[in-house]
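Everything below concerns the one structure shown next.
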Amino acid sequence: MGMAASQARYLALTARKTNTEWEGQQINQARTALANQSANLFNRLLDLEVPNAPKTTDYTELQYSYTDGDNESVLDSWQQLSSADPNYNYIVNHYYYANIYTGSQKLLENPQVQTKGELTIDEFRDQNPVVTYNANNNTYTITTADGNSQTYSAISEKPMDTKLENALRDFETAKDMAQADGVLTTDGVYGYQDSNGTWHFFLEEEIEEPKDYSTVYVPSYVGNSKLTELENLTEDQKAELAQILKDCSDTSISDYLSFDENGELVYNGEGIYTFDMQGQTYFTTEKDLYNSMQTQYEYEKPIDIQEKLAYYNASYVKTKIEETNHALLETDGNGRFTSVKFDDDSVVYSLNVETVTDEAAYQDAMNEYLYKKEQYEKTIADINAQTSIIQQEDRTLELRLKQLDTEQNALATEMEAVKKVIKDNVEATFKTFSD
């Protein structure tokens, strides 16, 4: 190897050795950063609070109870009187549960109100009507003796919108007028729509004795249960409706029921309906029924968009009755209460002592514990997963660092060999010139 080649090789080896040293420094910095990340994860792990399962003993306490023959009562809390009283030494809060007859209103989403059309007929009695036909526009005008008149135009010449079609179909069904293949009969049928949107019909064949026909829709069923309007109330119905009126006085039930000066229920025999559902009889009102009925708009789907029907009943509801009294509490030698006497009762009641667990509170605490436990375990799993990734990255960097160390040693060995070649070349050159 010549002098120039040796010098070039040495320079290349020096550059490569410098590059490996720089790459090693970068790897060490990366490993330091990974170590910091790992330390942060470990600190997070140390900061985690391990959830503890609740103990039933934390929700268990002594309970004092007594019975008066009708109800099982519990002493809820007690506070000792600050002033001396020879008859009473505590203020006691106590309660019991009783089945209280209670009226209620509910909303029925399904099934809903079904209606039927009732044909009403105004025969113009004692009104001496005059019927006039106008051939120009094919209309009949009926004028009564009081000067009121109404013009009926031919249905066959009217555009048949949904409301007219529904009304005409109900009219023809009620009158048993023949339909061919479901096509409505319009020949000889005249009509008009009043300000309330109700259609009135007149038949050409009845000119001599004209009649005004209109259909009034009335509630007939709730689901498959037939509606029955109450006229006379039984004693049981009176008692139930009276309770409903007391407890639901701000509902439509008060439009049909009231109490007289003696507290007796008053009902005029109109506006209250009954229907059966799942073996139970319920009440509803004409106002509630029409409130649901008023939303129907399609003849084929009369109940699809109804408002929820309000309905009523009275039943026995388990109710917590709470009372507060001055009381005389007697204790045994261990500090436990043995008997109680209240300021509004002459009887001294023996107290039963038992340990009771608030199951609802305990279950709530257990649910919260299970939730926190899942969070804790998920956090541990996440930290372990991140730590595993960091360890894998660190092992990869460590392996690369070992490769660079091996390469450094090889470069150093080769550089020493090249230095020796350069030295020998220099010595040989100077020896040649010295000769």
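Taken over segment 77-100, the criterion of being without any contact (Cβ under 8 Å) to a residue 24 or more places away in the chain and part of a strand (DSSP E or B) is satisfied by SER77, GLN79, GLN80.
Check LEU168, LEU227, LEU245 and return the single one that is surrounded by 14 or more Cβ atoms within 10 Å (Cβ to Cβ), touching a Phe, Trp or Tyr at 6+ places or on another chain (Cβ under 6 Å) and of a type in the set (A, V, I, L, M). Lay out the reasoning, then the answer.
Values: LEU168 fails: touching a Phe, Trp or Tyr at 6+ places or on another chain (Cβ under 6 Å); LEU245 fails: touching a Phe, Trp or Tyr at 6+ places or on another chain (Cβ under 6 Å).
Answer to the selection: LEU227.
Cβ-Cβ contacts under 8 Å between residues 6 or more apart (or on different chains), taken from a first residue in segment 415-430 that is under 13 Å from TYR10 (Cβ atoms) and in contact (Cβ under 8 Å) with a residue 24 or more places away in the chain to a second residue that is in a helix (DSSP H, G or I) and of a type in the set (A, V, I, L, M), are listed as MET415/LEU13; VAL418/LEU13; ILE422/MET3; ASN425/MET3; VAL426/MET3.
When each of THR387, THR355 is tested for being part of a helix (DSSP H, G or I) and either modelled with pLDDT under 95 or within 30 Å of THR32 (Cα to Cα) (or both), the lone residue that passes is THR387. The set of residues in segment 59-76 that are small (Gly, Ala, Ser) and in a strand (DSSP E or B) comprises SER65, SER73.
All of LEU108, LEU119 fail the test of being among the hydrophobic types (A, V, I, L, M, F, W, C) and out of contact with any Asp or Glu (no Cβ under 9 Å at 6 or more places or on another chain), apart from LEU108.
GLU393 meets the stated requirement of being assigned to a helix (DSSP H, G or I), in contact with a Leu (Cβ under 8 Å, 6 or more places away or on another chain) and at pLDDT 85 or above. Filtered by the rule that a residue be in a strand (DSSP E or B), of a type outside the set (Ser, Thr, Tyr) and either on the phi > 0 side of the Ramachandran plot or surrounded by 12 or more Cβ atoms within 10 Å (Cβ to Cβ) (or both), segment 108-137 gives LEU108, VAL113, GLN114, LYS116, GLY117, GLU118, LEU119, ASP122, VAL130, VAL131.
Taking the conditions exactly as written (free of Cβ contacts under 8 Å to residues at least 40 places away in the same chain and either surrounded by 12 or more Cβ atoms within 10 Å (Cβ to Cβ) or in a strand (DSSP E or B) (or both)), does ASN19 satisfy them or not? Judged against the criteria, ASN19 is a match.
The values are calculated or read from the model by the stated rules, or taken from the named source; none is laboratory data. The structure displayed is predicted, hence computed values, not measured ones. Backbone-built Cβ (ideal geometry, glycine too); neighbour counts: all protein chains shown.
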